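For reference, the structure is listed below as structure tokens.
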Amino acid sequence: MNEPITESTGNVFSDLGFSNEEATLLQLRADLMASLRQAIESRGWTQAQAAESLGISQPRVSDLMRGKWDRFSLDMLLSLAVRAGLHPHIELKAA
């Protein structure tokens, strides 16, 4: 028996049943964390070097690298992205 295939909405959090608002916030946080991890890795920073550059503790960098999104607010992730030399922006589209 074949299971029906449901096409993704493009937001895994929405697909998991979160409200539109919560799914959007979670996706933004996940995207920012991924960009920060990529920036840290591409620069070859150790966690200690990343901590110094970002102005946070090494355990916080560890949380970031391990994807512990629940430990970071959207505001904090935006601040870290700017400190890392990234240029975050928000694009609004009509639904």
**OP:** Please name whichever of A34, M65, Q49 sits farthest to the positive end of the charge dipole of the chain, dipole taken about the Cα centre and charges placed at Cβ: Lys and Arg +1, Asp and Glu -1.
**Re:** Q49
Subject >> Chain lengthening between S19 and A94 when straightened (0.36 nm per residue, less Cα-Cα) >> reply: 25.3 nm
Subject >> At most 14 other Cβ within 10 Å, DSSP loop - trypsin sites (Lys or Arg not before Pro), segment 50-80 >> reply: R66, K68
**OP:** Let me know the volume per residue of the alpha-carbon convex hull for segment 1-47, in Å³.
**Re:** 123 Å³
Original post:
Hey, rough spin-label estimate for V12 and Q38, points 7 angstrom out along Cα→Cβ, what's it come to in nanometres?
Top reply: 1.5 nm
Subject >> Two-decimal Rg/Rh across the chain, once Rg and the Kirkwood Rh are taken from alpha-carbon atoms >> reply: 1.07
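If you filter segment 15-76 for GluC sites (Glu not before Pro), then keep DSSP loop positions with at most 12 other Cβ within 10 Å, what is left?
Passing both the DSSP loop test and the Cβ count: no residue.
Readers should treat all values here as calculations from the given coordinates under stated rules, not as data from a laboratory. A quick note: this is a predicted structure, and the numbers were derived from the prediction, not measured. Positions of Cβ are backbone-derived with ideal geometry, glycine not excepted, and every protein chain shown enters the neighbour counts.
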